[in-house]
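The values are calculated or read from the model by the stated rules, or taken from the named source; none is laboratory data. Everything quoted here is computed from the prediction, not taken from an experiment. Here the Cβ positions follow ideal geometry from the backbone for every residue, glycine too, while neighbour counts run over all protein chains shown. Heads up: the accessible areas ignore ligands, DNA and RNA and are worked out on the full protein's heavy atoms, side chains in. Shrake-Rupley method; radii C 1.70, N 1.55, O 1.52, S 1.80 Å.
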Amino acid sequence: MPVQVVKNDPFLTHGRGAADVPDAREDISRDPFLTAHGTRYGATRDLNSGNDFDLNTGKDEPQPQGELENRFIERLTGFLPTDYAFEGRTKKGLKQLVAGPFIAFAGMLLTWSILQTISEQFCIFITLVWGCLCIGSIARSRRLLLQMRVSPVVLGTLVLLAIVWGFAAGLRGYNLHFRQTIFSYSGMQQPASASTPGASVADAATIDFSSAQTKGGTSVDSSRAAGFKEADGHIYCVAPILDTNTASADMPRVNFWAIGLDCCEPFGYFTCGSSREIGAASGVVMLEGGFPCPTCNNDQFRLAVDKAASLYGVASAPGAVFLQWTSNVSGNKAGMMLSAVVFLVVSVLLAFFGFTVLGCIVWYYGLGLSEMEKLGRLPEERDNLGKYNY
């Protein structure tokens with residue numbers, strides 16, 4: 001917005017306002033000092049510019065904070081063309097267009113990726129709260145249109161997009177990472193042997209075979225491993241966890257299966273996890289028998305179990321537990337947590353980039369605003385004859 005100082009035109013008769021507005025009456029009750037009028041039409045300084053006015057030079061001197069904001073906005077909108085821009089763009093409008101949708105996305109992402117472990121109904125309640133906050137923010141942009149120059153319809157569309165995107169990303173993050181990670185950290189650790197029925201440790205997050213290993217030699221029997229090769233090229237690997245008593249039976253009963261992905265051959269070779277380490281004696285339980293997430297590749301691992309059962313004459317017990325065989329339970333859990341955090345960080349960065357680009361485009365071109373709204377005139381200011389009341 002160009003800055004004009006009232007010197008030779010004290011009554012604002014030759015300013016842009018007089019030239020652009022058909023009726024130069026102002027509502028003194030709403031704007032007793034005519035500040036909105038002067039700011040909108042360039043007859044006075046733009047008080048939202050964040051700059052100090054120097055009476056000696058007749059120019060705006062940027063404040064330190066305002067200068068930093070200007071530089072940030074210039075870099076943020078550097079990809080936009082320089083040959084077009086509507087007059088009246090404000091920093092508040094840009095902040096609202098970028099920060100509003102981004103905060104809505106982040107809130108939904110955290111709600112549905114982490115808080116879903118508490119209760120799905122609780123997540124629905126939080127989602128409704130976020131929706132109310134977003135509606136309030138949109139209503140605020142309508143009320144402050146003169147200051148922000150942001151279309152409530154366009155802002156509402158961006159916020160709705162953010163909510164849907166955050167919801168979808170949150171569900172994916174929960175299923176892929178956080179459900180298994182939170183279960184591994186919050187669940188119990190129980191001792192067991194290869195002969196222990198899987199149903200008796202159904203609520204365990206980790207299983208410790210160390211005492212049983214000393215007494216009965218519980219370990220992964222790689223010689224009875226099997227791999228199911230899917231059409232996508234991956235090999236889904238399983239191997240029974242046995243001790244000396246169960247392994248010597250005519251038809252060994254398998255209560256625990258070590259599983260992995262692309263770490264075995266179709267027959268009798270298994271290197272998944274720490275199965276080749278002599279001191280390994282622990283297993284991290286995989287929810288629903290899936291890997292690397294509870295709902296991942298469940299059918300493929302069960303087909304691999306059926307293959308091993310038919311090849312080696314073993315029987316998979318009802319309620320058999322699928323787990324990752326490891327010598328370092330803490331390191332295994334830390335790897336899960338790292339993957340979950342990386343998912344969050346990548347999702348947040350992608351959302352920030354996407355909503356920054358969309359927000360800058362909407363802000364730069366004034367999408368959704370009429371020509372008079374770009375100048376700060378609300379539609380309800382029109383009278384019955386279509387003229388604007390001032």
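Checking the structure you have, find out if any residue of region 289-297 is of a type in the set (Phe, Trp, Tyr), within 25 Å of the chain's Cα centre (by Cα), within 24 Å of ILE207 (Cβ to Cβ) and surrounded by 19 or more Cβ atoms within 10 Å (Cβ to Cβ). Walk me through it before giving the result.
Step one: filter region 289-297 for residues of a type in the set (Phe, Trp, Tyr), giving 291.
Filter again for within 25 Å of the chain's Cα centre (by Cα), leaving 291.
Okay, now just the ones that are also within 24 Å of ILE207 (Cβ to Cβ), so 291.
Applying the additional criterion that residues be surrounded by 19 or more Cβ atoms within 10 Å (Cβ to Cβ) yields 291.
Yes; the residues of region 289-297 include at least one that is of a type in the set (Phe, Trp, Tyr), within 25 Å of the chain's Cα centre (by Cα), within 24 Å of ILE207 (Cβ to Cβ) and surrounded by 19 or more Cβ atoms within 10 Å (Cβ to Cβ).
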Taking region 344-357 as the search range and keeping residues that are in contact (Cβ under 8 Å) with a residue 12 or more places away in the chain and hydrophobic (A, V, I, L, M, F, W, C), which one is most open to solvent (accessible area, probe 1.4 Å)? PHE352
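Are any of the residues in region 201-219 over 22 Å from TYR185 (Cβ atoms) and part of a strand (DSSP E or B)? First the steps, then the outcome.
Within region 201-219, the first condition is being over 22 Å from TYR185 (Cβ atoms), and the residues that meet it are 211-219.
Those left that are additionally part of a strand (DSSP E or B): 219.
Yes: region 201-219 contains one or more residues that are over 22 Å from TYR185 (Cβ atoms) and part of a strand (DSSP E or B).
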Hey, any hits in region 325-343 for a residue that's open to solvent by less than 20 Å² (accessible area, probe 1.4 Å), under 26 Å from PHE167 (Cα atoms), at pLDDT 90 or above and not in a strand (DSSP E or B)? yes
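Can you tell me which residues in region 359-375 are assigned to a helix (DSSP H, G or I) and open to solvent by 70 Å² or more (accessible area, probe 1.4 Å)? Steps first, answer last, please.
Step one: of region 359-375, the residues assigned to a helix (DSSP H, G or I) are 359-365, 371-374.
Hit for region 359-375 is GLU371, nothing else.
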Being modelled with pLDDT under 90, open to solvent by 30 Å² or more (accessible area, probe 1.4 Å), in contact with a Leu (Cβ under 9 Å, 6 or more places away or on another chain) and of a type outside the set (Gly, Ala, Ser) narrows it down to one residue among GLN116, GLN96; which is it? GLN116
Residue pairs qualifying under the 8 Å Cβ cut-off, at least six apart or on distinct chains, with the first in region 265-278 being closer than 16 Å to ASN328 by Cα and the second being assigned to a loop (DSSP other than H, G, I, E, B) and among the hydrophobic types (A, V, I, L, M, F, W, C), are THR271/CYS263; CYS272/CYS263; GLY273/CYS263; GLY273/ALA280; SER274/ALA280
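Residue under question is PHE301, and the condition is that it be surrounded by 22 or more Cβ atoms within 10 Å (Cβ to Cβ), out of contact with any Phe, Trp or Tyr (no Cβ under 7 Å at 6 or more places or on another chain) and closer than 21 Å to THR206 by Cβ; does it hold? First the steps, then the outcome.
Details: surrounded by 22 or more Cβ atoms within 10 Å (Cβ to Cβ): yes; out of contact with any Phe, Trp or Tyr (no Cβ under 7 Å at 6 or more places or on another chain): no; closer than 21 Å to THR206 by Cβ: yes.
No.
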